[in-house]
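What follows is a single structure, written as C-alpha cells, with notes after it.
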Amino acid sequence: MIGNEIVAAVATGVVAYLLGSLPFAVWVARSAGVDIFEVGTANPGASNVFRKVGRKHGAVVFALDILKGVVAVLVGMVLGCPDYVLPFAAVFAMVGHWVPVFMRFKGGAGLATGMGVGVALLGVWGLIPTVLGLASLPLTKDGPRSAVVALVVAVVVAFLTGPNWVALGGMVLLTVLLLARYFFVELPKDRRGDRPEPHVRD
C-alpha cells in the first residue's frame, strides 16, 4: 500500500507540474497578436492579459488558470493519494505556473491557479478567498499581492471550517511560497526597473 501511495504521489506531482506549466496567458495573448512578455507588467498571467489584451481574453485565461489548480488536486484524488499529499500537488501546480517547462521557466504569479487550488481543497468554501482575492485587485493593482490576500483568507477559512487540516496545510505552503517569490523575485525586478512600459491598448 505504501508503495502504491508513493507512486501515486510522484505521478500526481509530475502531472500537477505539467498542468501548471501550461501557458494559457501566452497562448491567448498570442491569438490576439500580443506578446504578453512585452506589455504591462510582463507577467504571463490573467491580470496582465485582462489589462493589456482585453477583458474577454483575460476572463478566458483566468478560467483556464483556475482549472489548472482544480485539476491538479483532483488528479491526486483520482490516483489515490493520501489526503496529506494533496497540498503538495497544489504546490507543484503553482511551481509549474511560476517556472513552466514549456516557456523556458518564465512564468506568472499564479493568482488564478492558487484560487483553483483553494477551491479544490476547500470545496465551496474556496469561493470566499477567490472572491476576496478578486475584489482586492483594484486596490493592489497587482496579481501577486492579490494572491497573498486570497491565500491568507484561505488559511483563515480552512481554519474556521473544521478546521480543514489538509486545506490549511496547502494554503500555508502556498502562502509561504508566494511571499518568498514576491520578496525574492518580483520585488527585485521592480527595484531594477526590469518591467517594460506598456505600449498597447487596454
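The values are calculated or read from the model by the stated rules, or taken from the named source; none is laboratory data. These numbers were taken from a predicted model, which means no experiment stands behind them. FYI the Cβ positions are ideal-geometry reconstructions off the backbone, even for glycines, and counts take in every protein chain you see.
Quick look at the values:
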item	result
Residue in region 65-76 that is more than 30 Å from Ile6 (Cβ to Cβ) and part of a helix (DSSP H, G or I) present	no
Flag for Val10 being surrounded by fewer than 16 Cβ atoms within 10 Å (Cβ to Cβ), closer than 23 Å to Met94 by Cβ, without any contact (Cβ under 8 Å) to a residue 60 or more places away in the chain and of a type outside the set (Ser, Thr, Tyr)	yes
Residues located in region 22-52, provided they are crowded, with 21+ Cβ neighbours inside 10 Å and either free of Cβ contacts under 8 Å to residues at least 60 places away in the same chain or not in a loop (DSSP other than H, G, I, E, B) (or both)	Phe24, Ala25, Val26, Val28, Ala29, Ile36, Ala46, Ser47, Asn48, Val49, Phe50, Lys52
Verdict on Gly96 being touching a residue at least 60 places away in the same chain (Cβ under 8 Å) and of a type outside the set (Phe, Trp, Tyr)	yes
Within region 153-165, considering residues that are at pLDDT 85 or above and aliphatic (A, V, I, L, M), the one surrounded by the most Cβ atoms within 10 Å (Cβ to Cβ)	Ala158
Candidates Ala167, Ala112 - the one that is touching an Asp or Glu at 6+ places or on another chain (Cβ under 7 Å) and either part of a helix (DSSP H, G or I) or in contact (Cβ under 8 Å) with a residue 12 or more places away in the chain (or both)	Ala112
Residues being farther than 21 Å from His97 by Cα and at pLDDT 85 or above - total across region 120-131	2
Subset of region 40-95 that is under 18 Å from the mean Cα position of the chain (by Cα), among the small types (Gly, Ala, Ser) and over 13 Å from Val117 (Cα atoms) - its residue that is modelled with the lowest pLDDT	Ser47
Criterion: in contact with a His (Cβ under 7 Å, 6 or more places away or on another chain) and at pLDDT 90 or above - qualifying residue of Ala25, Ala32, Ala11, Ala16	Ala32
Test: residue in region 138-149 that is touching an Asp or Glu at 6+ places or on another chain (Cβ under 8 Å), part of a helix (DSSP H, G or I) and modelled with pLDDT of 80 or more	no
